[in-house]
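A short worksheet on the structure shown next.
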Amino acid sequence: MALVSIQSDWYIYFWLLYCKIYSAIVWLFGNHCRGADKVRSVITAGAGVQSSGSIQRARTRRRKAQQHRVKHIVALTRRSSVRRIVMAPGASTAHTMMEDKEKTLHGALGAVSMRTRHISPFAPLLIALVGLPARGKSQLAHRLSRHLNWNGESAKVFDCSEYRRRHMALYGSHDIFRADNQQGSAIRRQSAREAVQDAVHWLKDGNSVAIFDGTNITREQRQDLNSLSEMGFRILFIECVCEDQDLLERNIIEILHYSADYKNMSEDEAVDDLRKKLEHYMRQYEPIDASLENIGFVRVENMGETVTAHKVSGQKESTILGYLSGMRALPQTLYFTRHGESEYNVLGRIGGDAALSARGQMYARALAEHMNGLATREPFSIWTSELRRTKQTAADIRAPKCAIRALNELDAGICEGLTYEEMQERFPQEFAWRDQDKLRYRYPWGESYIDIMTRLRPVLAALEDEHNVIVVGHQAVLRCMLGYFLDAKLDELPYMTVPLHTIVKLTSYGYTYKVEMIKMPVDCVDTHRKQPKNCSITRTTADALVTVPSHYDTLPSNLWQNTTEAQL
């Protein structure tokens, strides 16, 4: 009986506990429903402030949780092609909506060419010339290449005509340029393809600029070239237009004189063939139209008279645009000469501001006589440095003179006025370093050849558009100037031979220059020093001085005499 009584008490205890829990749940659920009804009534009524602080805190916590969740979803699903996506907080399908948006955008972008993507401003640049023959494309291409190489770029011209000549033993006639000549068209397409392939290889090898010199007169050709941007190259088209009849006639004459196609033709045959060739190209020519072609281009009219740019950006392109804006295409004859022999030349000393020696003064008179005779036919001007030995050399020439600071000789810094023997004795390590890399070596507190090239840029830009100018300068400066016009390799500049008492005449020859050396009959010392084979800093003095030119220790009194008389 006792056992039955205890069990019944436990049943009653559990029953009462169950009732208590059930009552609490019912009470809590009722309060929750009343609060939700109140919140709904406030929202429906448009109330700005809620009366229940607990309800407001609950909604704030819920809102923060939803915002954190949505931000997390957006951060996980954002792509570079989507700049901004706005989503409603708390949307249950946020991830699905993001994926749909991504798919839509990627589908639209799939049809867009890769050239619309951003290409680094430091990417290699392919320049494609556009225009009819005799519009100055080749001259522009080579002048631009020379300018870019001088300014530190590695540029090269790929001439489509040269590739065409490789497929033809001998140029036949204008028929190869007819649009309906299938064989000729095939040869020209193959030639263009080979030129572009070599240009691409040039850029892939680490060079910065390739210039494709071709006509590229159809939109289809330009579209094919523009597609190369998918390889990560920047593309710039330069269209050459010429409406000036005098300039056009001069360009045609240059083609007849200098083109390899016409070297075996008579003048009449060449003129007739070139005229018909131009007619074939004119029938096929489609000028660049910004409304029809999505390309960046520069239009150059009459060789720089008017320059128009469209969608041109980038550091290299801006440099090119500036150069084209100041370019002119005129026949040129330029004269370069070093000053007459100076007293420092006689003593083997470098730099300084020495006066002319007796033989240097004789050269000044001989130079004046020669140039004054030329001035009777056509006037010219004289550019000198600010140093007195160049001014003394040009003093008797009857022509306007201009002293230009940029033409001053290389500043040798702490070595100014020293001989090579003294430099080896005092600064043997500096002397060895200079022999190791003469182009880039900078004298302590002085200059290097690279520094000269930098300060010569405005002078060369002005000189490119001048005619009949005499530049009376110094050995290092004239090496750089002649190297520019002759398109010499930079490492060759410090060892170019520019002797004293010699006039160097440059005459424009198509897009190149013809060189003529005019030696005046006045003796002088030889200041040219070749690079020694042993350039180590541990070399002996004898090895360091093996290529130093001979010179006097003191100024002789009989320098005005010729060599035989001086020996006697």
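Throughout, read-outs are computed from the coordinates displayed, never taken from laboratory work. Source: prediction; values computed, not measured. We place every Cβ from the backbone using ideal geometry, glycine too, and count neighbours over all the protein chains shown.
Applying the Karplus relation 6.51 cos²θ - 1.76 cosθ + 1.60 with θ = phi - 60° to the stretch 468-474 yields 3J(HN,Hα) values of 6, 10, 9, 9, 9, x, 10 Hz, where x marks Gly and Pro. Ordered by the count of other Cβ atoms within 10 Å of each Cβ, fewest first, Val548, Val209, Val472 give Val548, Val209, Val472. Charge tally for Ala461 (other residues, Cβ to Cβ under 14 Å; Lys, Arg +1; Asp, Glu -1): +2. In this structure, the residue pairs whose Cα-Cα separation is over 21 Å, taken from Lys391/Lys514; Lys489/Lys514; Lys438/Lys489; Lys438/Lys514; Lys263/Lys505, are Lys391/Lys514; Lys438/Lys514; Lys263/Lys505.
For a straight C-alpha distance cut-off of 19 angstrom, the aspartates and glutamates reachable from Lys156 (same-chain residues fewer than eight places away being disregarded) are Glu194, Asp198, Asp205, Asp213, Glu239, Glu317, Asp487, Asp491, Glu492.
Residue order for Trp202, Trp383, Trp445, Trp433, fewest other beta carbons within 10 angstrom first, comes to Trp445, Trp433, Trp202, Trp383. Can you tell which of Leu247, Gln190, His257 lies farthest toward the positive end of the dipole of the stretch 123-325, using +1 and -1 charges on the Cβ of basic and acidic side chains (Lys, Arg; Asp, Glu)? Towards the positive end, the residue furthest out is Gln190.
Per-residue extension of 0.36 nm, minus the Cα-Cα distance of Ser313 and Lys156, leaves a gain of 54.4 nm for this segment.
For Ala128, the amide hydrogen comes within under 5 Å of the amide hydrogens of Phe212, Leu236, Phe237, Ile238, counting only partners 5 or more places away or on other chains and with H modelled in the peptide plane. Under the convention that each Lys and Arg Cβ holds +1 and each Asp and Glu Cβ holds -1, the size of the dipole of the stretch 166-281 around its Cα centre is about 580 debye. A straight chain from Thr540 to Leu170 at 0.36 nm per residue would run longer than the Cα-Cα distance by 127.4 nm. A Förster radius of 56 Å combined with the Cβ-Cβ distance from Gln429 to Ala186 puts the calculated FRET efficiency at roughly 0.35. According to the calculation over all Cα-Cα pairs in the stretch 333-554, the P(r) per 10 Å bin from zero is 8, 34, 36, 18, 4, 0 %.
Taken one residue at a time, the phi angles of the stretch 153-170 give Karplus couplings (6.51, -1.76, 1.60, θ = phi - 60°) of 7, 10, 10, 8, 9, 10, 8, 5, 5, 5, 5, 5, 5, 5, 8, 10, 5, 8 Hz. Gly and Pro are set to x. Other residues with beta-carbon under 15 Å from the beta-carbon of Asp289 carry, at +1 per Lys or Arg and -1 per Asp or Glu, a net charge of 0. When Ser191, Ser23 are sorted by how many other C-beta atoms sit within 10 angstrom of their C-beta, beginning with the fewest, the order is Ser23, Ser191.
Scalar couplings 3J(HN,Hα) for the stretch 542-550, obtained by applying the Karplus form with A = 6.51, B = -1.76, C = 1.60 to θ = phi - 60°, are 5, 5, 5, 9, 5, 9, 5, x, 6 Hz; x denotes Gly and Pro.
Modelled this way, with points 7 Å down the Cα-to-C-beta line, the labels at Arg442 and Glu230 are 4.6 nm from one another.
On full extension, the segment bounded by Arg328 and Leu490 gains 55.8 nm, given 0.36 nm per residue less the C-alpha separation.
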